[in-house]
Amino acid sequence: MRGMHLNVARRFLLWSLVATASLTAQGRGGRGQAPPPAPMQFQLLGPSAGGRVSAITGVPGDLRTWYVGGASGGVWKSTDDGNTFTPIFDKQSAQAIGALAVAPSDPNQVWAGTGEAWAIRDADVVGDGIYKSTDAGATWTNMGLAEVGRIGRVIVHPTNPNVVYVCALGRATGPQAERGVYRTDDGGKTWKLALHVNDDTGCSGLSLDQKDPSTLVAGMWQVVMKTYSMTVAARRVRFISPTMPALTGRKSCTPASPSRRLARLTWRSPPPIRSASMR
């Protein structure tokens, strides 16, 4: 009899625990699942005085630090998740920012390509080259490429901060030899025009495979802007497999819609993921 009463007591205790757990789960949304997260929403952060934003980048491993470039408003920096922004480029001669980049292997090294590359009208402001900071934006040095006019993308090698690629659209007001993709192997002391299609075609998009940095993808855009007209054509996408120090193994393809500008290119592997967004 004692054993039977003990089994009944155990069963009653087990039933009580199961019932309690079930009621608790129902109070939390049923079946023990947490309520679904709220949908992501955007909020305006600023900078309120920077004008139209044309470039933005963060610091690998530091979610609180951002750099923001204005189409004609210089470079702004936030170190508190966007709660406040500080202008850090006001002393430079060009304020039109087309691209920003932070070296993945050296967060103190920041690059700013001047000249807005969206090229939506002939009145857009051009720049005077590319700038480099080695102290997280406290001071800047012009590293050349003054004649390229508009820089749409800057990419720093993931492990070697001395290797930098620049996507140069050009002034876009007429034929120009300084259009295409530039590369430096010495931190900006010297530059090589690594990819050039023709004097009417510049670089509109550039992507580097972070897992295989010997592979780049460049979007080339033929554009000439006048005060009375704008002639455009997407020339081709160039898949580049460079080897040190020269770029070799080029392949190209032409998009189905040749009149559009290739604005953003993505290349990741493995497996190879290739995408292109067009304006």
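The values are calculated or read from the model by the stated rules, or taken from the named source; none is laboratory data. These numbers were taken from a predicted model, which means no experiment stands behind them. Reconstructed Cβ throughout: ideal geometry from the backbone, glycine too, with neighbour counts over all protein chains shown.
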What are the pairs with Cβ atoms under 9 angstrom where one residue, in the range 143-171, is of a type in the set (Ser, Thr, Tyr) and the other, located anywhere, is part of a loop (DSSP other than H, G, I, E, B)? Sequence gap at least six, or different chains. THR159/PRO104; THR159/SER105; THR159/PRO213; TYR165/HIS157
Residue pairs, Cβ under 8 Å, 6 or more apart or interchain, first in the range 173-190 and within 13 Å of PRO161 (Cα to Cα), second small (Gly, Ala, Ser) and surrounded by 11 or more Cβ atoms within 10 Å (Cβ to Cβ). List them. ARG183/ALA194; GLY188/GLY144
Scanning for something out of contact with any Ser or Thr (no Cβ under 9 Å at 6 or more places or on another chain) and modelled with pLDDT of 50 or more, does the range 231-250 turn up at least one residue? yes
From the residues in the range 47-63 that are aliphatic (A, V, I, L, M) and surrounded by fewer than 18 Cβ atoms within 10 Å (Cβ to Cβ), which one is farthest from ASN108 (Cα to Cα)? ALA49
Result of the Cβ filter at 6 Å on the range 75-90, keeping first residues that are on the phi > 0 side of the Ramachandran plot and partners that are surrounded by 13 or more Cβ atoms within 10 Å (Cβ to Cβ) and of a type outside the set (Gly, Ala, Ser), at least 6 apart or interchain, is GLY82/LEU45
Identify the residue in the range 156-183 that is closer than 21 Å to ILE88 by Cβ and β-branched (Val, Ile, Thr) and, among all such residues, is surrounded by the most Cβ atoms within 10 Å (Cβ to Cβ). VAL166
